[in-house]
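Remarks on the structure that follows.
The values are calculated or read from the model by the stated rules, or taken from the named source; none is laboratory data. Note that the structure is a prediction, hence the values are computed from the model and not measured. We place every Cβ from the backbone using ideal geometry, glycine too, and count neighbours over all the protein chains shown. To get the accessible areas, we keep the full protein, side chains included, count just its heavy atoms, and leave off ligands, DNA and RNA. Shrake-Rupley method; radii C 1.70, N 1.55, O 1.52, S 1.80 Å.
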Amino acid sequence: METNPIALKVRVLEYKEGSFKGKDGTDVNYNSALVRFDGTILRMTAKADLGKYLDKDIDVAVEIVAGANSAPKLRIVGVAGAE
C-alpha cells in the first residue's frame with residue numbers, strides 16, 4: 001500500500017542516531033528527531049538525516065506508519081529541497 005507524504009513545517013530541536021540488538025540478534029539502526037510542530041513537541045522516527053537542520057525551521061514530508069503491535073505514528077521521510 002503506497003501512501004502520499006504529508007508536508008509539514010517543523011523546527012528540529014534534537015536529532016539522534018542509534019542502534020539496538022533485535023530479537024534475532026541483528027543490529028537495528030534507527031534515527032529519531034524531536035521537533036516542534038504548531039506549538040506541540042513531537043518525537044518522530046526519521047528516514048532523512050536531520051543533523052544539519054538543528055534549531056532551524058524546515059519543511060518535511062511525513063508518512064503515517066504502524067507496526068503489527070504499535071499505534072500509528074508519524075515518520076519523517078524527507079526534507080523539502082534536500083537532495
If I filter region 1-24 down to residues being of a type outside the set (D, E, K, R) and farther than 19 Å from Val77 by Cα, which single residue comes out as least open to solvent (accessible area, probe 1.4 Å)? Gly22
What tally of residues in region 42-62 results from selecting those that are in contact (Cβ under 8 Å) with a residue 40 or more places away in the chain and loosely packed, with under 14 Cβ neighbours inside 10 Å? 5
So which residues in region 63-72 are touching a strand residue (DSSP E or B) at 6+ places or on another chain (Cβ under 9 Å) and either open to solvent by 90 Å² or more (accessible area, probe 1.4 Å) or within 14 Å of Val12 (Cα to Cα) (or both)? Ile64, Pro72
Close pairs from region 24-38: first over 15 Å from Val60 (Cα atoms), partner of a type in the set (Gly, Ala, Ser) and open to solvent by 50 Å² or more (accessible area, probe 1.4 Å), Cβ under 8 Å, at least 6 apart: Asp27/Ser19; Val28/Ser19; Asn29/Ser19; Tyr30/Ser19
Within region 54-74, which residues are at pLDDT 90 or above and in contact with a Lys or Arg (Cβ under 9 Å, 6 or more places away or on another chain)? Asp55, Lys56, Asp57, Ile58, Asp59, Val60, Val62, Glu63
Going through region 25-41 one residue at a time, which ones are of a type in the set (S, T, N, Q) and open to solvent by less than 80 Å² (accessible area, probe 1.4 Å)? Thr26, Asn31, Ser32, Thr40
